[in-house]
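Comments concern the structure below.
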């Protein structure tokens with residue numbers, strides 16, 4: 001059974017008439033680490049598609065800055081190749097690409113040397129004069145997090161953090177590795193930029209389905225009345241990846257699944273599901289409500305960490321038909337590593353709406369498939385009106401918000417099977433973005449880059465939000481370092497270690513199988 005769910009979608013400005021959307025003031029952009037993987041796969045294709053849709057600001061020009069000693073022509077050639085390969089719009093229009101590449105310049109720069117930033121300052125002044133951008137500049141740190149303090153300090157020392165127009169800086173997650181490092185990073189960034197000019201980017205918040213959570217809840221009167229502990233039995237948040245650590249072994253062995261996914265992506269999804277309605281859909285109101293949720297999550301005691309969390313590590317197995325090695329055999333991973341590639345956490349949100357309704361989070365590498373979803377499972381009816389035999393195949397009602405790969409929403413409910421006997425079975429009512437809107441959804445980075453140039457931080461993470469999340473994670477990590485609970489193993493290509501099932505079965509529940 002399939003039909004469109006009666007949901008009012010959050011219409012993306014890039015998908016509609018360009019004239020209905022605010023245009024950003026003229027501006028320049030600098031990408032530090034412009035020859036890196038993030039720039040080539042995400043940022044440059046996103047900027048190209050904004051240019052193709054005529055959504056970039058007037059006079060826009062991009063300065064690529066990196067250690068590589070490249071000539072400008074070589075950088076443009078490299079950028080063009082990556083845009084052709086990774087752009088969401090295929091095939092890439094040659095005329096649009098040529099026009100976009102003509103607005104790219106490149107400057108080799110050593111982030112530890114002030115001289116490079118002085119040259120950058122002069123280059124931006126020259127571009128500002130010729131392109132009339134009013135001194136507006138966005139600095140994007142597409143670099144390892146360890147370079148953020150250096151870049152921020154160099155921008156401050158060279159005066160690039162201030163000017164006639166706005167100066168904004170974008171930094172990628174992770175925002176620190178614990179509460180102390182996050183607070184220190186925030187302190188250093190705020191020495192150079194005001195909090196309103198610091199854009200901490202988590203690309204999950206730019207995804208259409210993530211944004212649609214708020215529209216689904218607050219634009220439809222049929223859902224919000226049952227969105228509470230009186231009707232919801234529990235909430236599951238799953239972020240599963242079929243990939244292993246690939247070439248990120250050195251980084252991942254220091255981070256692990258809890259820091260890499262739960263602290264940011266998973267907690268972001270939890271806050272959007274659990275937050276109260278904001279008074280307006282502006283940056284301050286929305287982020288205030290998200291922070292309230294994080295502060296309401298009950299910190300786990302050491303005893304609770306041992307029973308309410310699970311950590312696992314994949315061993316060799318089969319994923320999507322391919323045999324893969326175990327985590328400890330991956331390049332640049334400690335052969336005796338205790339780093340988790342799977343993490344599951346049971347959270348309690350101690351507020352009026354959600355008291356005693358558990359939120360279960362799980363994330364893992366080398367899972368059977370790629371899936372990010374939120375499942376809201378409702379309580380069973382209080383009385384078996386139809387008798388046990390009639391509802392033997394009936395599951396509890398649920399709403400599943402699918403973030404990726406197939407973006408959409410499913411409502412699962414009971415319906416009578418068309419037979420002479422009275423039998424009720426669970427069926428789905430599905431809404432799919434691709435088939436409903438028949439438009440190619442913009443990439444998350446397109447939305448977020450444009451929002452930064454518009455000065456709209458609603459989909460970016462605020463400093464108190466980052467620190468509230470780290471407080472919760474640090475408490476878990478402290479107990480994990482003492483060996484509790486122990487790291488369990490799971491074969492690559494499965495849904496995690498045995499402890500993950502115990503986490504649910506001990507509560508009389510079970511994980512939904514995507």
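Derivation of every value follows stated rules applied to the coordinates shown; laboratory data play no part. Since the model is a prediction, treat every value here as computed from it, not as a measurement. Backbone-built Cβ (ideal geometry, glycine too); neighbour counts: all protein chains shown.
Can you figure out the FRET efficiency of residue 437 with residue 85, using R₀ = 35 Å and their beta-carbon distance, to the nearest 0.05? Mind dumping the intermediate values first?
Values: r = 26 Å, r/R0 = 0.74.
The pair residue 437/residue 85 has a calculated efficiency of 0.85.
Which whole-number percent is the relative contact order of the range 26-165 (Cα, under 8 Å, 6+ apart)?
Values: 204 pairs, mean separation 49.2, N = 140.
RCO, the range 26-165: 35 percent.
What spacing in nm lies between the two simple spin-label points modelled at residue 489 and residue 464, each 7 Å away from Cα in the Cβ direction?
For the pair residue 489/residue 464, the computed spacing is 4.7 nm.
Mind ordering 229-235, 336-342 by average Cβ neighbours within 10 Å, highest first? Mind showing how you got there, number by number?
Details: 229-235: 17.1, 336-342: 21.4.
Final packing ranking: 336-342, 229-235.
How many angstrom lie between the Cα centre of the range 133-178 and the Cα centre of the range 47-81?
18 Å
Counting pairs of Cα atoms in the range 262-321, how many percent are more than 15 Å apart? Can you show the working numbers first?
Working: 1156 of 1770 pairs.
Of all Cα-Cα distances in the range 262-321, 65 percent exceed 15 Å.
Would you calculate a helix-derived [θ] at 222 nm for the chain, using -39,500 (n - 2.57) for each DSSP H run of n ≥ 4 and dividing by the full residue count, to the nearest 500? Can you show the working numbers first?
On the way: 15 runs with 165 residues, N = 514.
So the calculated ellipticity at 222 nm is -9500 deg cm²/dmol.
Once the Cα gyration tensor of the range 206-505 is found, what semi-axes does its equivalent ellipsoid get, as square roots of 5 times the eigenvalues, in whole Å, sorted largest first?
Details: eigenvalues 191, 134, 90 Å².
Working from the Cα gyration tensor, I get semi-axes of 31, 26, 21 Å.
Roughly how tilted is helix 114-131, in degrees to the nearest 10 and between 0 and 90, from the longest Cα axis of the chain?
Taking Cα atoms only, the helix is inclined about 90 degrees.
Go from 0 up to the bin containing the longest alpha carbon distance in the range 134-224, width 5 Å each, and give me the % of pairs per bin.
Answer for the range 134-224: a P(r) of 3, 12, 20, 19, 13, 10, 9, 7, 4, 2, 0 percent.
Efficiency by 1/(1 + (r/R0)^6): what FRET value for residue 121 and residue 281, r their Cβ-Cβ distance, R0 = 30 Å, to the nearest 0.05?
Here the calculated transfer efficiency is 0.20.
If packing is taken as the average count of other Cβ atoms within 10 Å, what order do 254-260, 402-408 fall into, highest mean first? Spell out each step's value before the answer.
Values: 254-260: 20.9, 402-408: 17.1.
Highest to lowest by the protection proxy: 254-260, 402-408.
Applying 1/(1 + (r/R0)^6) with R0 = 51 Å to the Cβ-Cβ distance of residue 72 and residue 419, what FRET efficiency is obtained, to the nearest 0.05? Don't skip to the answer; put the middle values down first.
Values: r = 72 Å, r/R0 = 1.42.
For residue 72 and residue 419, the calculated efficiency is 0.10.
Express as a percent, rounded to the nearest 5, the fraction of DSSP beta bridges in the chain (both residues included) that run antiparallel.
Details: 44 of 78 bridges.
Taking every DSSP beta bridge with both residues in the chain, the antiparallel ones total about 55 percent.
Quick check: pseudo-label points 7 Å beyond the Cα along Cα→Cβ at residue 23 and residue 336, how many nm apart are they?
6.4 nm
Full-extension gain between residue 353 and residue 510, please, as 0.36 nm times their residue separation minus the C-alpha to C-alpha distance.
Numbers: separation 157, 0.36 × 157 = 56.52 nm, distance 2.31 nm.
The residue 353-residue 510 span can extend by a further 54.2 nm.
What is the distance in Å between the Cα centroid of the range 465-510 and that of the range 189-243?
Comparing the Cα centres of the range 465-510 and the range 189-243, I get a distance of 22 Å.
Taking Cα pairs under 8 Å and at least six residues apart, what relative contact order does the chain come out at, in percent?
Working: 963 pairs, mean separation 96.9, N = 514.
This gives 19 percent for the chain.
In square nanometres, what is the average projected area of the Cα convex hull of the chain? All intermediate terms of the calculation are to be shown ahead of the outcome.
Numbers: hull surface 102.9 nm².
Projected over every direction and averaged, the Cα hull of the chain covers 25.7 nm².
What ratio of Cα Rg to 2.2 N^0.38 Å holds for the range 204-291? The partial results should precede the final answer.
On the way: Rg = 15.9 Å, N = 88, 2.2 N^0.38 = 12.1 Å.
Relative to the 2.2 N^0.38 Å estimate, the range 204-291 comes out at 1.32.
Report Rg/Rh for the range 26-165, rounded to two decimals, where Rg is the Cα radius of gyration and Rh the Kirkwood radius. Intermediate results must be reported in sequence, preceding the final value.
Details: Rg = 14.5 Å, Rh = 15.3 Å.
Computed over Cα atoms, the ratio is 0.95.
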